[in-house]
Amino acid sequence: MNDIKKHHRVNDILLGPLERPALQWLSKHMPGWVTPDILTGIGVLGALLIFVAYGLSNLSPAYFWLASLGFVINWFGDSLDGTLARYRHIERPKYGFFIDHTIDGVSMVLVFCGLGISPYVSFDMACLLLSAYLLLCTLAYIRTSVAGEFKISYGKLGPTEFRAIGILLNIYMFFAGNQMLELGLSSTYHLTISVYDIIVMVVIMILFGFFAYTAIKQAIELKNMGE
């Protein structure tokens, strides 16, 4: 098994050319009293805000804007904590890895369950989306141990892109309203489904596809190496 202190981090994301300079600038100008642990806490508060805002969207779609603010706050805390630790040379690899990704799991449960209690996405679909996301996270952690590579981006998509997709979905839901499609499966049976459930279903299929491809590829590599 590989030492977690020596793992190679892969985060080849679409928004990387914009995100990396922004995080470096924020790290350089962050007040001394702001620590990586404080930023991790801010990220959790962002996820909690998303959960609450999605719940309040049952009262008014205007709360989708609050949920979008939560995504920004979550990005700020979750993306900056590790960057700040590396900038200040105060990394604690094992502690940081454990805390960061344990908290990530809690945050994702809040975000996806929040989406499921909104009136626009069914709770079942939100839970399937959570399952697909957590499967990819689990695969990333296992590969860190067996391959020494912590890969958090797939097809140029990573946590930052999924937050951006979440914000775009919020904006669309606010302006388009709760759109429903009626599908005539037969002359006597019609299925009514939310447009947003269809969008979520497509994302789920993409995530499961990334999981299956990466898992099979890694298994073949390990088998050929005799490990």
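The values are calculated or read from the model by the stated rules, or taken from the named source; none is laboratory data. These numbers come from a predicted model, not from an experiment. Using ideal geometry, Cβ is built from the backbone for each residue, glycine included, and neighbour counts are taken over all protein chains shown.
Of the residues that make up region 139-150, is at least one closer than 22 Å to I13 by Cα and in a loop (DSSP other than H, G, I, E, B)? Yes, region 139-150 has at least one match.
Please work out which residue is nearest to V203 (Cα to Cα), limiting yourself to region 151-163 and to residues that are of a type in the set (S, T, Y) and not in a loop (DSSP other than H, G, I, E, B). Let's see the steps before the verdict.
First pass over region 151-163, keeping only residues of a type in the set (S, T, Y): 153-154, 160.
Checking the rest, the ones that are also not in a loop (DSSP other than H, G, I, E, B) come to 154, 160.
Numbers: Y154: 13, T160: 15 Å.
The selected residue is Y154.
Restricting attention to region 126-135 and to residues that are surrounded by 18 or more Cβ atoms within 10 Å (Cβ to Cβ) and touching a residue at least 40 places away in the same chain (Cβ under 8 Å), the residue that is nearest to L59 (Cα to Cα) turns out to be A126.
For region 152-173, state whether one or more residues are out of contact with any Ser or Thr (no Cβ under 8 Å at 6 or more places or on another chain), closer than 29 Å to F98 by Cα, polar (S, T, N, Q) and in contact (Cβ under 8 Å) with a residue 12 or more places away in the chain. Scanning region 152-173 turns up at least one residue that is out of contact with any Ser or Thr (no Cβ under 8 Å at 6 or more places or on another chain), closer than 29 Å to F98 by Cα, polar (S, T, N, Q) and in contact (Cβ under 8 Å) with a residue 12 or more places away in the chain.
With the condition kept exactly as written, say whether any residue in region 159-168 is exposed (fewer than 15 other Cβ atoms within 10 Å of the Cβ) and over 26 Å from S68 (Cα atoms). Among the residues of region 159-168, not one is exposed (fewer than 15 other Cβ atoms within 10 Å of the Cβ) and over 26 Å from S68 (Cα atoms), which makes the answer no. Scanning region 200-214 for residues that are touching a helix residue (DSSP H, G or I) at 6+ places or on another chain (Cβ under 6 Å) and either aliphatic (A, V, I, L, M) or free of Cβ contacts under 8 Å to residues at least 40 places away in the same chain (or both) yields V200, I204, L207.
Residues checked against (1) farther than 30 Å from P93 by Cβ; (2) at pLDDT below 90:
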| residue | (1), (2) |
| --- | --- |
| M173 | yes, no |
| S187 | yes, yes |
| M205 | yes, no |
| F208 | yes, no |
| F211 | no, no |
| K217 | no, no |
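Just to be sure, is G55 in contact with a Gly (Cβ under 7 Å, 6 or more places away or on another chain), among the small types (G, A, S) and buried (at least 20 other Cβ atoms within 10 Å of the Cβ)? Full working, then the answer.
Working: in contact with a Gly (Cβ under 7 Å, 6 or more places away or on another chain): yes; among the small types (G, A, S): yes; buried (at least 20 other Cβ atoms within 10 Å of the Cβ): no.
Here the answer is no, as G55 does not meet what is asked.
In the set I117, I99, which member is within 19 Å of G41 (Cβ to Cβ) and among the aliphatic types (A, V, I, L, M)?
Being within 19 Å of G41 (Cβ to Cβ) and among the aliphatic types (A, V, I, L, M) holds for just one of I117, I99, which is I99.
Within the set F112, F123, F150, the sole residue that is at pLDDT 90 or above, touching a helix residue (DSSP H, G or I) at 6+ places or on another chain (Cβ under 6 Å) and surrounded by 17 or more Cβ atoms within 10 Å (Cβ to Cβ) turns out to be F112. Taking the criterion of being of a type in the set (D, E, K, R), modelled with pLDDT under 95 and farther than 28 Å from F64 by Cβ, would at least one residue in region 21-33 satisfy it? No, the conditions are met nowhere in region 21-33. Listed by position, the helices (runs of 4 or more DSSP H) contained in region 1-110 that have at least 1 residues being free of Cβ contacts under 8 Å to residues at least 12 places away in the same chain and within 14 Å of the chain's Cα centre (by Cα) form an empty set. Scanning for something part of a helix (DSSP H, G or I) and aliphatic (A, V, I, L, M), does region 177-192 turn up at least one residue? No, because not a single residue in region 177-192 is part of a helix (DSSP H, G or I) and aliphatic (A, V, I, L, M).
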